[in-house]
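Inspection log for the structure reproduced underneath, given as structure tokens.
The values are calculated or read from the model by the stated rules, or taken from the named source; none is laboratory data. Predicted model, so just to flag it, every value in this text is computed and none were measured. So basically every Cβ, Gly included, is an ideal-geometry build from the backbone, and we count neighbours across all protein chains shown. All accessible areas refer to the heavy atoms of the entire protein, side chains included, with ligands and DNA or RNA removed. Shrake-Rupley method; radii C 1.70, N 1.55, O 1.52, S 1.80 Å.
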Amino acid sequence: MCIFAAMKHGLVLEGGGLRSLFSAGIMDVMMDEGIRFDGIIGVSAGATFGCNYKSHQPGRALRYNMRFRNDPRYISLRSWLTTGDLVGARFSYHTMPSELDIFDRETFAADASSFYVVCTDVCTGQPVYHRIDEMDDVEMDWLRASASMPVVSRPVSLGGRLLLDGGISDSIPLRFFQGEGYERCIVILTQPRGFRKRRTRLMPVIRWAMRRYPAIVEAMNRRHEMYNAQLDYLLSQAARGTILLIQPQQPLNIGRTELDADKMQRVYDLGRHTGTEYLPRIIEFLSGK
């Protein structure tokens, strides 16, 4: 196991649906090398895949996505039309991790790193940061909330709030983690260098579908401004040497809810290649040199 200097090291994981298989590949390389973090924070798929780091389960994110990609209980139009969730809530966050591709809850609880997810409060449009110490059924629903995309997901009721995808309000939660004392962070993005977000063309659909939640509509309308400001902040922090920024060189060309096995494998393999290429820099960065 790699042991580094005594300062808090964090891992920050952007979401992006199946683009996050790129992040999973990088994380699996780091897990294989025994690299540990004091804290991990994930948004949306960054959370649902990143929890496998704390449970010490490399390969799991790719494995269950490949195995269940054609199961209508997992991701399907049928699930959306019958339950209101494109990603089946019961199957994906309870049946699958408890019975079919077991999530190691005991290892997750025993691991010393802190794990956070980011959600968005439907009524205020503001981010909600939640620490998960033990992954019981309620905490699984926090993962679900973090990854519940508007329009194709029902808001999740937790802790007296209605919650949706954390990427709506805080796509790359570096500032929050720095505020929690994580002085050196590795940040993994799923969009390529030079990417800038534009206002979504789906705003008319979002305004109609989410008309009961005006704060979410406004947050989605301004999401591109929030995201691009975060990119600018990342670049400034990378220049100062407080973060190591890892992202693909080119667009990953995979859908958020991709079902093509070859595309999944390609993006995961690209992540592993990138992780291997970055490994000396990762070790040097975390050692404080």
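On the basis of being touching a helix residue (DSSP H, G or I) at 6+ places or on another chain (Cβ under 6 Å) and touching a residue at least 40 places away in the same chain (Cβ under 8 Å), does L286 make the cut?
no
Among residues belonging to segment 165-194 that are among the charged types (D, E, K, R) and part of a loop (DSSP other than H, G, I, E, B), point out the one that is most open to solvent (accessible area, probe 1.4 Å).
Ranking the candidates gives R193 first.
Would you check if G34 is closer than 23 Å to V151 by Cβ and modelled with pLDDT of 95 or more?
no
Of all the residues that make up segment 34-56, how many are free of Cβ contacts under 8 Å to residues at least 60 places away in the same chain and open to solvent by 30 Å² or more (accessible area, probe 1.4 Å)?
1
Could you list, in sequence order, the residues of segment 79-111 that are of a type in the set (G, A, S) and under 20 Å from the mean Cα position of the chain (by Cα)?
Residues satisfying the conditions are G88, A89, S92, A109.
Taking segment 154-164, which residues are open to solvent by 10 Å² or more (accessible area, probe 1.4 Å) and either under 16 Å from the mean Cα position of the chain (by Cα) or among the hydroxyl-bearing types (S, T, Y) (or both)?
Once the filter is applied, which keeps residues that are open to solvent by 10 Å² or more (accessible area, probe 1.4 Å) and either under 16 Å from the mean Cα position of the chain (by Cα) or among the hydroxyl-bearing types (S, T, Y) (or both), segment 154-164 yields only S157.
Could you grab me the full set of residues in segment 63-82 that are open to solvent by 90 Å² or more (accessible area, probe 1.4 Å) and either touching a Cys at 6+ places or on another chain (Cβ under 7 Å) or aliphatic (A, V, I, L, M) (or both)?
If the condition is that a residue be open to solvent by 90 Å² or more (accessible area, probe 1.4 Å) and either touching a Cys at 6+ places or on another chain (Cβ under 7 Å) or aliphatic (A, V, I, L, M) (or both), then L77, L81 are the ones that fit.
Within segment 122-153, track down each residue that is open to solvent by 30 Å² or more (accessible area, probe 1.4 Å), over 18 Å from the mean Cα position of the chain (by Cα) and over 28 Å from D104 (Cβ atoms).
C123, T124, V151
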